[in-house]
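Data block below; observations after.
The values are calculated or read from the model by the stated rules, or taken from the named source; none is laboratory data. Since we're looking at a predicted model, the values are computed, not measured. Here Cβ is always computed from backbone atoms with ideal geometry, including for glycine, and neighbour counts include all displayed protein chains. Only protein heavy atoms, including side chains, enter the accessible area calculation; ligands, DNA and RNA are left aside. Shrake-Rupley method; radii C 1.70, N 1.55, O 1.52, S 1.80 Å.
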Amino acid sequence: NRERLSVCSKLCYAVGGAPYQITGCALGFFLQIYLLDVAQVDAFYASIILFAGRVWDAITDPMVGFFISKTSWTRFGRLMPWIMFSTPFAIISYFLIWFVPDISTGQVVWYLVFYCAFQTLVTCFHVPYSALTMFISREQSERDSATAYRMTVEVLGTVLGTAIQGQIVGQVDTPCIGSPFFFGLSNSSVAMEELNMTHDTESLTDTRNAYMIAAGVIGGLYILCALILLLGVKERRESSELQSDEPVSFFQGLKLVMNHGPYIKLIAGFLFTSLAFMLLEGNFALFCTYTLGFRNEFQNILLAIMLSATLTIPFWQWFLTRFGKKKAVYVGISSAIPFLIAVVVLDSNLFVTYVVAVAAGISVAAAFLLPWSMLPDVVDDFKLQHPSSHGHEAIFFSFYVFFTKFTAGVSLGISTLSLDFAGYQTRGCSQPEQVHFTLKMLVSAVPVGLILLSLLLFKLYPIDEEKRRKNKKALQDLREESNSSSESDNTELASIV
């Protein structure tokens with residue numbers, strides 16, 4: 001008898017993944033250019049904000065995983081209360097990230113505090129939500145199906161985040177400052193600059209208002225998705241062979257998890273894959289604006305990437321079930337390499353850029369789906385090797401996110417700092433040649449190198465389709481043995497009574 005999930009339950013579960021992706025995509029694509037050109041934060045301090053925020057976000061994942069492992073079950077479950085109570089505070093802090101305070105000093109502290117606060121609160125939402133995969137069903141096929149639903153909605157969330165933020169902000173023109181080389185030093189040039197100052201100030205105010213409107217719309221979607229998750233999904237407590245009534249030793253569990261070979265090899269591979277796509281995500285808006293010269297088109301190019309990713313999620317779900325997850329990794333992630341090279345080798349061309357965006361979206365879909373589809377396989381393999389150790393699901397998911405976020409924070413901080421060293425001009429209509437070269441490296445050469453390294457690491461990952469089938473059968477036998485043992489105990493107790 002299979003424990004099937006209804007389509008409605010899968011959809012409600014999937015919708016819960018959208019808030020993290022909507023806000024994460026808006027921040028990933030737009031926060032860097034917002035800090036530099038709208039809030040007018042110096043590139044050096046912007047790199048500190050982005051680096052510290054991402055690193056703090058990474059640190060909070062295992063912290064939240066630790067506290068979740070110590071949380072007692074309630075009538076709502078063990079994970080749902082975390083989602084419920086973190087939502088309103090996360091929305092407030094998210095809105096304040098996109099607000100430009102009217103203060104002469106302390107602006108950097110403002111963005112750092114609220115960026116870190118939001119990352120903490122959204123972690124309190126996303127870590128328990130990720131671990132919920134193991135608590136909606138014990139059937140591997142049902143979890144894989146629910147994960148496919150979730151990945152489709154999450155990539156759709158990235159489309160919404162890109163579309164809402166990009167289209168609202170794209171309706172106004174962010175004023176730029178021409179290079180001093182073109183102004184000269186004549187009095188007429190100075191007078192012309194002063195004449196345009198009022199118009200630039202008004203345009204900048206409109207741009208700031210547009211960012212706050214986008215933040216309000218995204219905050220409303222965050223609340224709606226959280227409500228659908230809370231009302232439509234039931235957190236199922238696992239059966240006795242998988243659930244311990246004793247408090248879980250977090251550090252002992254962490255030691256066991258970190259010594260599990262398949263887990264380390266899996267997160268090492270996806271670590272470099274995530275780095276590649278996060279570098280592309282963080283710098284692509286600047287690359288389109290300055291290097292390619294598509295200042296008024298970059299939000300539509302980003303939207304093309306996310307739409308392509310959304311439409312190809314079902315294809316990758318079919319591919320991994322037909323050919324296996326490891327083959328899907330090789331084909332899906334490597335498909336972006338020729339297009340990432342083409343976008344910097346060929347001359348600036350809008351049509352070619354859209355083709356590259358669509359191709360990159362196909363690879364992004366694979367990078368979105370596969371980690372979350374393969375992590376439950378690692379957890380099942382761990383349970384077979386450690387049948388007496390229970391309640392470590394949150395550790396698996398939170399530390400995977402920890403490693404990817406920590407290294408992404410380091411890479412994003414370094415990439416923004418490298419733009420500062422290259423001579424990035426805040427609100428400049430154009431940038432020096434060194435900045436163009438740096439952006440090409442950040443969106444092409446470095447991601448391609450990271451993808452190739454990740455493919456080499458995936459060769460070491462031991463859980464192929466044959467191994468996965470054996471683990472599934474062994475787990476089923478373990479459950480049947482436990483159930484028959486429980487029935488025998490109940491029969492013996494009834495006879496004694």
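Please verify whether Thr87 is under 22 Å from Phe403 (Cα atoms) and of a type in the set (Ser, Thr, Tyr), treating the condition exactly as stated.
On the way: under 22 Å from Phe403 (Cα atoms): no; of a type in the set (Ser, Thr, Tyr): yes.
No: the conditions fail for Thr87.
Which helices (runs of 4 or more DSSP H) sit wholly inside the stretch 1-118 and have at least 3 residues that are within 27 Å of Ile168 (Cα to Cα) and over 17 Å from the mean Cα position of the chain (by Cα)? Working first, answer last.
On the way: elements: 7-15, 18-33, 43-69, 80-97.
The qualifying helices (runs of 4 or more DSSP H) are 43-69, 80-97.
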Report summary line: Of the residues in the stretch 303-320, those that are within 26 Å of Asp464 (Cα to Cα), open to solvent by less than 60 Å² (accessible area, probe 1.4 Å) and of a type in the set (A, V, I, L, M, F, W, C) number 5
Query - Matching residues, the stretch 325-356, being free of Cβ contacts under 8 Å to residues at least 60 places away in the same chain and among the β-branched types (Val, Ile, Thr) - result: Val331, Val345, Val352, Val355, Val356
Query raised in the report: Applying the selection to the stretch 264-291, what residues are of a type in the set (Phe, Trp, Tyr) and either at pLDDT below 80 or closer than 22 Å to Gly409 by Cα (or both)?
Result: Phe270, Phe272, Phe277, Phe284, Phe287
**Report entry** Matching residues in the stretch 393-440 - criterion: being open to solvent by 40 Å² or more (accessible area, probe 1.4 Å) and basic (Lys, Arg)
**Finding:** Lys440
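Condition check: among the hydrophobic types (A, V, I, L, M, F, W, C) and open to solvent by 10 Å² or more (accessible area, probe 1.4 Å). Does Val122 satisfy that?
Values: among the hydrophobic types (A, V, I, L, M, F, W, C): yes; open to solvent by 10 Å² or more (accessible area, probe 1.4 Å): no.
For Val122, the condition - among the hydrophobic types (A, V, I, L, M, F, W, C) and open to solvent by 10 Å² or more (accessible area, probe 1.4 Å) - is not met.
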Query raised in the report: Do we have any residue at all in the stretch 443-460 that's open to solvent by 40 Å² or more (accessible area, probe 1.4 Å), at pLDDT 85 or above and farther than 28 Å from Ala342 by Cα?
Result: yes
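Report the residue count in the stretch 64-87 for those that are open to solvent by 20 Å² or more (accessible area, probe 1.4 Å) and touching a residue at least 40 places away in the same chain (Cβ under 8 Å).
Residues of the stretch 64-87 open to solvent by 20 Å² or more (accessible area, probe 1.4 Å): 66-67, 70-76, 81-82, 84-85.
Filter again for touching a residue at least 40 places away in the same chain (Cβ under 8 Å), leaving 66, 70, 73, 76, 82, 84.
Qualifying residue count for the region: 6.
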Query raised in the report: Of Ile22, Ile33, Ile48, which residue is modelled with pLDDT of 85 or more and either within 18 Å of Ile414 (Cβ to Cβ) or charged (D, E, K, R) (or both)?
Result: Ile48
Report task. Look through Phe298, Phe294, Phe323 and report the one residue that is open to solvent by 20 Å² or more (accessible area, probe 1.4 Å) and at pLDDT 85 or above. Result -> Phe323
